[in-house]
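Below is one structure; the comments refer to it alone.
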Amino acid sequence: MSDATPESTPSAPSTPSAPSAPSGEAPDFDSMTRDIADVPAVEVITTVAVHLMSSAAVNLGLAEEGEHHKDLDEARKLITALAGLVTASATEVSNFHAGPLRDGLKSLQLAFREASVVPDEPGKGPGEQYTGPVFG
């Protein structure tokens, strides 16, 4: 799944690049951040979802050196949180954003089932209380 978003529109503020601070000095955080009130809700929701997906994938061992980072208990928590977010926000973010989030969630749920030594019963896997049973 790609974390790319559609091209910026004039109404979508761009994120300023981080200024380089001289060695030993704290960066100027005011110039690095934009006012949270200017960030559209859909952007906040999709950004949080992408972070949850990325962290879950790492904890499923899907990243480089995956076995070193594999932690299914942590992955279960992240996938469940992602399922709650995706399910609750689906009607608010439109199918354009919700579709890829649901696809990514399902892929993580299936990867969790595959990574588990003793797979959960259908409907009992991470996040399935929100999405319903997930089948390959």
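The values are calculated or read from the model by the stated rules, or taken from the named source; none is laboratory data. None of these values were measured; they are calculated from a predicted model. As a convention, Cβ positions derive from the backbone with ideal geometry for all residues, glycine included, and neighbour counts pool all protein chains shown. Remember, those area values only see protein heavy atoms, side chains included, never the ligands or the DNA or RNA. Shrake-Rupley method; radii C 1.70, N 1.55, O 1.52, S 1.80 Å.
Observations, loosely collected:
- Share of carbon and sulfur in the accessible area of the range 87-136 stands at 56%, probe radius 1.4 Å.
- Accessible area (Å², per residue) of the range 73-136, counting only protein heavy atoms and a probe of 1.4 Å: 56
- Approximating the spin labels as points 7 Å out from Cα along Cα→Cβ, the residue 36-to-residue 124 distance works out to 3.9 nm.
- Computed label-point distance, nm, for sites residue 71 and residue 51 using a 7 Å Cα→Cβ extension: 1.7
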